[in-house]
């Protein structure tokens, strides 16, 4: 019987993870940011403020500002792909200060993600993912994707959305969800 | 060669989706809410306000209040499991008005999710998911999970977190991520 890693019948996390569809979904959602920023610019124009000021807005003084939320969402998607596929990602030094620079960052990361195919993630679960601040510990590719990269990605993306909404930018849930495959 | 549905080698969404690990992760994250609410109660006590007032807090007047964010996160996790497994979920009429009632709602949903095993999701991709307001259209189980249920779940969970943080509740990212599998 073909039941690789107990994917369908076993309990717990499987070794046949569809890394690629989840990475693709992150890419799709990152691509919605351009339209959010269009609406932010419209809002700034209508109200007469510099749209780049939004990038320093926070929901609490000890939370990251909008620009860092965008940078972090980009990073979690980029590293999710790179680390589980065992590749070195391009560096992004977090120097963005304008909306246009945020657009460029998002474009750079989504273009990087365009370079991946499902084949790049063969054996991704067997790959251990670690970071310096994890003090020698590591996660399996699957656990890293599901328990770490995905929740962090969505955390920063949604917080970015929330900051824009809190500032009055006219976004709706559809701007966040983007296109879905419906027939 | 064992390559079910082209899970590893093909492009695009695969038919061998690990529904169960993703449902489990949603359950894990829902279970972190109890600790958030502990911190909310501590904050209310220290500041001398009724903690239940937080449930009506919003980040923008045309966004849902906190209670609805919790209800929606619960619903997206519950329906993700039920619809992809082809089961009828329990009903939750959205009548919560207190923190204790929110705790009970979360407990009810996570207990419901405890009843699922990986085996319940056999053939989940072949199942079509539809809703009345989709006007006759439908999504595959996989697309529904990845493109709809998951982004919506995280959207509401993170917005709930953001509302609490915006009100001064002492949460940190670790309260949101919960436990991760690290060795």
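Filtering B:44, B:77, B:60 for residues that are touching a helix residue (DSSP H, G or I) at 6+ places or on another chain (Cβ under 8 Å), assigned to a loop (DSSP other than H, G, I, E, B) and either within 14 Å of chain A (Cβ to nearest Cβ) or buried (at least 16 other Cβ atoms within 10 Å of the Cβ) (or both) leaves a single hit, B:60.
Looking only at residues in region A:169-183 that are more than 7 Å from chain B (Cβ to nearest Cβ) and not in a helix (DSSP H, G or I), the one that is surrounded by the most Cβ atoms within 10 Å (Cβ to Cβ) is A:169. Just wondering, is there one or more residues in region A:121-130 that are within 9 Å of chain B (Cβ to nearest Cβ) and closer than 25 Å to residue B:156 by Cα? No: region A:121-130 contains no residue that is within 9 Å of chain B (Cβ to nearest Cβ) and closer than 25 Å to residue B:156 by Cα.
Condition (residue is farther than 24 Å from residue A:21 by Cα and within 10 Å of chain A (Cβ to nearest Cβ)) applied to region B:149-159: is it met by at least one residue? There is at least one residue in region B:149-159 that is farther than 24 Å from residue A:21 by Cα and within 10 Å of chain A (Cβ to nearest Cβ).
Please tell me if residue A:102 is modelled with pLDDT of 95 or more, crowded, with 22+ Cβ neighbours inside 10 Å and either more than 14 Å from chain B (Cβ to nearest Cβ) or in contact with a strand residue (DSSP E or B) (Cβ under 8 Å, 6 or more places away or on another chain) (or both). Quick ask: steps written out before the conclusion?
Values: modelled with pLDDT of 95 or more: yes; crowded, with 22+ Cβ neighbours inside 10 Å: yes; either more than 14 Å from chain B (Cβ to nearest Cβ) or in contact with a strand residue (DSSP E or B) (Cβ under 8 Å, 6 or more places away or on another chain) (or both): yes.
Answer is yes for this residue.
Counting the residues of region A:130-165 that are surrounded by fewer than 23 Cβ atoms within 10 Å (Cβ to Cβ) and assigned to a strand (DSSP E or B) gives 1.
Counting only residues that are under 12 Å from residue A:86 (Cβ atoms), in a loop (DSSP other than H, G, I, E, B) and in contact (Cβ under 8 Å) with a residue 40 or more places away in the chain, region A:109-129 holds 2 of them.
The values are calculated or read from the model by the stated rules, or taken from the named source; none is laboratory data. Not measured: the values here are computed from a predicted model. Glycine also receives a Cβ, built like all others from the backbone with ideal geometry; neighbour counts cover every protein chain displayed.
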